[in-house]
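Novice: Attaching a single structure in structure tokens format; questions to follow.
What follows is calculated from the coordinates using simple rules that are stated; it is not laboratory data. Keep in mind the model is a prediction, meaning the values are calculated, not measured. Note that each Cβ is placed from the backbone with ideal geometry, even for glycine, and that neighbours are counted across all protein chains shown.
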Amino acid sequence: MTEKKSHSKTKNIGKTGWAAFALLMLGLAALAGLYFDQNTRITAVEYAGNEFTTDTELSGSFESPVGMLADSVDFASIYRSVEALPWVRDINVRMARRGVLTLEITEREPIGLLSDGGTSFYFDDKGVVLKAGPGKYVDVPLVYGYRSSAPGDTLDAPGFDQVLHFLNSAKQDDFTWSTISEVAWNDAEGVVALSSENGVKLLFGRDEFSGKVKHWKAFNRSVVSKKGIQSFRSVDLRFRNQIVTDEL
């Protein structure tokens, strides 16, 4: 019995020793990492995740930290400068052991394309205006009736909050999103869209767009799928308990 107790005590000491050793190594690793970060000299700056924002635009937005020690860099200033670019929604910074600083860019996602004469601008789910770069195309609905403003500005015009609300609601459902090609606003009818097939007029009115989007999806599956979209001139979804159609 005595030997068993002695053996158990030795075993417990062994566990405690290993735990202490593990904590010590963890602490040393953290200190080494901190020392490494603070004493790493930046050798290059690279970018990842950017599609509409060019590397040149990113590099030109802040003073290059190449050649500086990491602990001497004003990273807050870099964050502010890069996030001021219209397409940039968020930024994350990481640094490799060889001193390469990588800026991981999360860009804004277009939800509509403003058509204003010969000028076209995208805008995101917050209404922030985004310049459409050459050779870059995103398949989003055309939006009419609003004048383009400078990239980075937030659109603020009569009825635009309703259009934005509708687009955000429609985008939540892949089916509905695929059936909408153009969107406009007028005071009499509210939000008006054209179907991507046959250009049927779809009236969504004002507010409660999540429910109206569901009604359009259900109507499409139960009625349009049987009669064909070409059978309709317009589909009015503005009313709570009924859908009014104008058929050919």
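Novice: Can you tell me, using C-alpha contacts under 8 Å and at least 6 residues apart, the relative contact order of the stretch 133-217 as a whole percent?
Specialist: So the answer I get is 27 percent.
Novice: With each pseudo-label sitting 7 Å past Cα toward Cβ, what's the Ala48-Ser72 distance in nm, one decimal?
Specialist: 2.7
Novice: Quick check for you: which residues of the stretch 159-196 have the amide N under 18 Å from the point 7 Å beyond the Cα of Thr245 toward its beta carbon?
Specialist: 176, 179-180, 193-196
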